[in-house]
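Trainee: Quick one: the structure is below, and I'll ask about it shortly.
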Amino acid sequence: GDTSITREKHAAIAYDDEENAFFLGQGGKSNIVRLNNRPVLSTENLNHGDIVRIGETTLRFVALCGPDFAWGKKTNATA
């Protein structure tokens, strides 16, 4: 219901599996994306718990991987 969000390419979130890290970028539109209350002017690191504001909508980023777990990577756990 937030009509201030562009339907396409307002913001982009990318995951880099080599760095096991997330990144946030603005989608090339003139609309501002905010990360922790600061405008995103270039690609920024996105960390677990960060606050992302797009239009009038505020979201909390929850990373589903981190230092102890990465999708598709083998762990050193022993059975």
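Trainee: From the set of residues in the stretch 22-34 that are part of a strand (DSSP E or B) and open to solvent by 20 Å² or more (accessible area, probe 1.4 Å), which is modelled with the lowest pLDDT?
Mentor: Let us first name the residues in the stretch 22-34 that are part of a strand (DSSP E or B), namely 22-26, 33-34.
Narrowing further to those that are open to solvent by 20 Å² or more (accessible area, probe 1.4 Å): 22-23, 26, 34.
Working: Phe22: 93, Phe23: 96, Gln26: 87, Arg34: 95.
Only one residue tops the list, namely Gln26.
Trainee: Still on this model: Kindly list, by first and then second residue, each pair from a residue in the stretch 46-63 that is open to solvent by 90 Å² or more (accessible area, probe 1.4 Å) to a residue that is not hydrophobic (A, V, I, L, M, F, W, C), limited to pairs with Cβ atoms under 7 Å and residues at least 6 apart or on different chains.
Mentor: From residues that are open to solvent by 90 Å² or more (accessible area, probe 1.4 Å), the pairs are His48/Gly66; Glu56/Asp2; Glu56/Ser4; Arg60/Gly49.
Trainee: I'm told Asn37 meets every condition in (1) modelled with pLDDT of 95 or more; (2) under 13 Å from Val62 (Cα atoms) except one. Can you identify the failing condition by its number?
Mentor: (2)
Trainee: Right, next: Residue by residue through the stretch 1-21, note down the ones that are hydroxyl-bearing (Ser, Thr, Tyr) and not in a strand (DSSP E or B). Reasoning before the result, please.
Mentor: Initially, the stretch 1-21 is screened for residues hydroxyl-bearing (Ser, Thr, Tyr), giving 3-4, 6, 15.
Across the stretch 1-21, the qualifying residues are Thr3, Ser4, Thr6.
Trainee: Shifting gears a bit: With the requirement that a residue be touching a residue at least 40 places away in the same chain (Cβ under 8 Å) and not charged (D, E, K, R), what does the stretch 16-31 give you?
Mentor: Quick first cut of the stretch 16-31, residues touching a residue at least 40 places away in the same chain (Cβ under 8 Å) only: 17, 20, 22.
Selection gives Asn20, Phe22.
Trainee: So, of the residues in the stretch 35-66 that are charged (D, E, K, R) and assigned to a loop (DSSP other than H, G, I, E, B), which turns out to be nearest to Thr6 (Cα to Cα)? Talk me through it step by step, then tell me what you get.
Mentor: First, the residues of the stretch 35-66 that are charged (D, E, K, R): 38, 44, 50, 53, 56, 60.
The next check asks that each one be assigned to a loop (DSSP other than H, G, I, E, B); those that pass are 50, 56.
Numbers: Asp50: 21, Glu56: 11 Å.
Top of the filtered list is Glu56.
The values are calculated or read from the model by the stated rules, or taken from the named source; none is laboratory data. This structure is a prediction, so every number in the text was calculated from the model and none was measured. Glycine also receives a Cβ, built like all others from the backbone with ideal geometry; neighbour counts cover every protein chain displayed. Just the protein is used for accessible areas: all its heavy atoms, side chains included, with ligands, DNA and RNA removed. Shrake-Rupley method; radii C 1.70, N 1.55, O 1.52, S 1.80 Å.
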